[in-house]
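Reading through the structure tokens given below for one structure.
The values are calculated or read from the model by the stated rules, or taken from the named source; none is laboratory data. Just so it is clear, the structure is predicted and the values come from calculations on it, not from any experiment. Using ideal geometry, Cβ is built from the backbone for each residue, glycine included, and neighbour counts are taken over all protein chains shown. Ligands, DNA and RNA are excluded from the accessible area calculation, which covers all protein heavy atoms including side chains. Shrake-Rupley method; radii C 1.70, N 1.55, O 1.52, S 1.80 Å.
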Amino acid sequence: MPDSREHKVSCSNYQCEIELTLEILRGKWKALIIWNLHLHEIIRYNEFRRLIPSITQKMLTQQLRELEKYEIVSRKVYPTVPPMVEYQLTQIGQDLIPIMDAMDRWGKNYVKKYNDTNGLK
């Protein structure tokens, strides 16, 4: 569960579960990380850098750690030199995919409607 926030004593004080979900997924990169894990199943750390080239190493590490803390993503470290680290979605993370798929469809429909309304193609 997310840490207590200012003006929030604990996670039980969220006004609704949507607020909790948005708190867990907040940030520019988490949705892209989750979606890429859905598409590729297992991704090594450096592969993320190729898949999401505009994310910094620091931000990627931070976002992956938060997703791991919330049990959305699991991390497996292989004892090699240098260490090889792989990430994949947990079952809780997999449960987000229908929601994200619906968001993807909604976004595509919105862009189409916006373009049609404004005479853009």
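Listing for the model above:
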| item | result |
| --- | --- |
| Residue match in segment 15-23 (condition: crowded, with 16+ Cβ neighbours inside 10 Å and in contact (Cβ under 8 Å) with a residue 24 or more places away in the chain) | no |
| Near pairs, Cβ below 6 angstrom, 6+ apart or cross-chain, from segment 83-109 (at pLDDT 95 or above) to any residue that is open to solvent by 80 Å² or more (accessible area, probe 1.4 Å) | 86/44; 86/76; 87/75; 90/71; 92/71 |
| Some residue of segment 83-93 being of a type outside the set (Asp, Glu), open to solvent by less than 60 Å² (accessible area, probe 1.4 Å), part of a helix (DSSP H, G or I) and in contact with a Lys or Arg (Cβ under 9 Å, 6 or more places away or on another chain) | no |
| Scope segment 110-121; condition surrounded by 11 or more Cβ atoms within 10 Å (Cβ to Cβ) and either over 26 Å from residue 36 (Cα atoms) or modelled with pLDDT under 90 (or both); matching residues | 115 |
| Qualifying position, being of a type in the set (Ser, Thr, Tyr) and closer than 19 Å to residue 27 by Cα, among 56, 90 | 56 |
| Single residue of segment 26-78 satisfying the filter (aliphatic (A, V, I, L, M) and either in contact (Cβ under 8 Å) with a residue 40 or more places away in the chain or at positive phi (or both)) that is surrounded by the fewest Cβ atoms within 10 Å (Cβ to Cβ) | 42 |
